[in-house]
Amino acid sequence: MTLLLLVSLVWAFSFGLIKGQLTGLDPNLVAFIRLALALLVFLPFYRPALLPPRFQLQLLVIGAIQYGLMYSSYTAAFKLLHAYEVALFTIFTPLYVTLFHDLASRTLHRRFWLTAVLACAGAALVLYQGLGSTGSGSFLRGFALVQGANLCFAFGQIAYRRLLTGWSGHDHQLFALLYGGACLVTAPLVSQAGSWPQLTRLLPQQLLVLLYLGVLASGLCFFGWNRGARQVTAGVLAVSNNLKIPLAVLCSGLLFGEPLNGPRLLVGFALLLLALVLERRASR
């Protein structure tokens, strides 16, 4: 649980950075750069001799979905939606985590669904401030892209948990494979869009943002998140997917002077905490 909370704190800063600095770039290029940097962080720890070939292939596929497809869809949504709308539409991830867990285990966990709904309600209360042109084509495409990203990220979390059940090695010895699979997805998309020349036109501030997002927010934080996902119940994992939302709002208010709705933030955060407490007590 500690790992999931620490990662949520780091991710709380990412929404504004992407919208403010990177929306002029091809989203597939942004995704590839982030994932390539993350791959470079973990490549020195990769131990292929310890991993059966089929196991490595499964990790490549998980990484391609959880990070490659997720990032391309998520970053593309910022061209169609406001940053707060992208953040708002990520709140459904707990439901997808619960869905994939129940499908994989072939069991309906009503408790997980209850806590996931509470987590969604709490996050929605914190973020909702009206929506843009909800009937427009760009809005609907943006919403669909965020939900696609949510589904990919939720699938990867559950697939990684199940695949590593009984694994006696260390996560850092195999994690480069996930980023490798993601790069195999995003690199062809960049080539298809003809966006490689944008690399030569990156501004210094964009390079710094990409370095932060690639090494810390993607590399170290996704590693910490998936490792933390193996240490908690699926219910706690589902709820934790929304912890970054009230933390992001709080950081924006305290550090960047953005307006805060204190009562809504407190009530929304209380709902998230209630969901966590209910799940942890029930699991014990």
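The values are calculated or read from the model by the stated rules, or taken from the named source; none is laboratory data. Because the structure is a prediction, the values reported are computed rather than measured. Quick reminder, even Gly has a Cβ in these numbers, built from the backbone with ideal geometry, and neighbours come from all protein chains shown.
Taking residues in region 74-101 that are part of a helix (DSSP H, G or I), and partners anywhere that are among the basic types (Lys, Arg), the pairs with Cβ atoms closer than 7 Å and at least 6 places apart or on different chains are Ala83/Lys19.
Okay, residues lined up against (1) aliphatic (A, V, I, L, M); (2) surrounded by fewer than 20 Cβ atoms within 10 Å (Cβ to Cβ); (3) in contact with a helix residue (DSSP H, G or I) (Cβ under 9 Å, 6 or more places away or on another chain):
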residue: Gly166; (1), (2), (3): no, yes, no
residue: His172; (1), (2), (3): no, yes, yes
residue: Gly181; (1), (2), (3): no, no, yes
residue: Ala193; (1), (2), (3): yes, yes, yes
residue: Trp225; (1), (2), (3): no, no, yes
residue: Ala229; (1), (2), (3): yes, no, yes
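Restricting attention to region 97-114 and to residues that are modelled with pLDDT of 90 or more and surrounded by 22 or more Cβ atoms within 10 Å (Cβ to Cβ), the residue that is farthest from the chain's Cα centre (by Cα) turns out to be His101.
Checked against (1) farther than 15 Å from Gln66 by Cα; (2) touching a residue at least 40 places away in the same chain (Cβ under 8 Å); (3) surrounded by 13 or more Cβ atoms within 10 Å (Cβ to Cβ), Tyr160 passes all but condition (1). Among the residues in region 130-146, are any under 14 Å from the mean Cα position of the chain (by Cα), modelled with pLDDT of 90 or more and either assigned to a helix (DSSP H, G or I) or aromatic (Phe, Trp, Tyr) (or both)? Yes, region 130-146 contains a residue that is under 14 Å from the mean Cα position of the chain (by Cα), modelled with pLDDT of 90 or more and either assigned to a helix (DSSP H, G or I) or aromatic (Phe, Trp, Tyr) (or both). In a helix (DSSP H, G or I) and at pLDDT below 95: is that true of Leu40 in this structure? For Leu40, the condition - in a helix (DSSP H, G or I) and at pLDDT below 95 - is not met.
Of Ala77, Ala104, Ala83, all but one fail to be of a type in the set (Gly, Ala, Ser) and in contact with an Asp or Glu (Cβ under 9 Å, 6 or more places away or on another chain); the exception is Ala77. When region 155-196 is limited to residues that are in a helix (DSSP H, G or I) and β-branched (Val, Ile, Thr), the one that is nearest to Trp225 (Cα to Cα) turns out to be Ile158. Going by the structure shown, is Tyr71 surrounded by fewer than 23 Cβ atoms within 10 Å (Cβ to Cβ), assigned to a helix (DSSP H, G or I) and among the hydroxyl-bearing types (Ser, Thr, Tyr)? Spelling it out, it is not the case that Tyr71 is surrounded by fewer than 23 Cβ atoms within 10 Å (Cβ to Cβ), assigned to a helix (DSSP H, G or I) and among the hydroxyl-bearing types (Ser, Thr, Tyr). Restricting the first member to region 267-280 and to residues that are modelled with pLDDT under 85, and the second to residues that are in a helix (DSSP H, G or I) and polar (S, T, N, Q), the beta-carbon pairs closer than 6 Å and six or more apart or on different chains are Leu278/Thr115; Glu279/Thr115. When Trp196, Trp225 are checked against the criterion of being at pLDDT 90 or above and either over 22 Å from the mean Cα position of the chain (by Cα) or at positive phi (or both), a single residue qualifies: Trp196. For region 48-68, filtering for residues that are part of a helix (DSSP H, G or I) and either in contact with a Phe, Trp or Tyr (Cβ under 8 Å, 6 or more places away or on another chain) or aliphatic (A, V, I, L, M) (or both) leaves 12. Can Leu247 be described as modelled with pLDDT of 90 or more and either aromatic (Phe, Trp, Tyr) or under 18 Å from the mean Cα position of the chain (by Cα) (or both)? For Leu247, the condition - modelled with pLDDT of 90 or more and either aromatic (Phe, Trp, Tyr) or under 18 Å from the mean Cα position of the chain (by Cα) (or both) - is not met.
For Ser240, indicate whether it is within 30 Å of Ala124 (Cα to Cα), in contact with a Lys or Arg (Cβ under 6 Å, 6 or more places away or on another chain) and of a type in the set (Ser, Thr, Tyr). The answer is no for Ser240.
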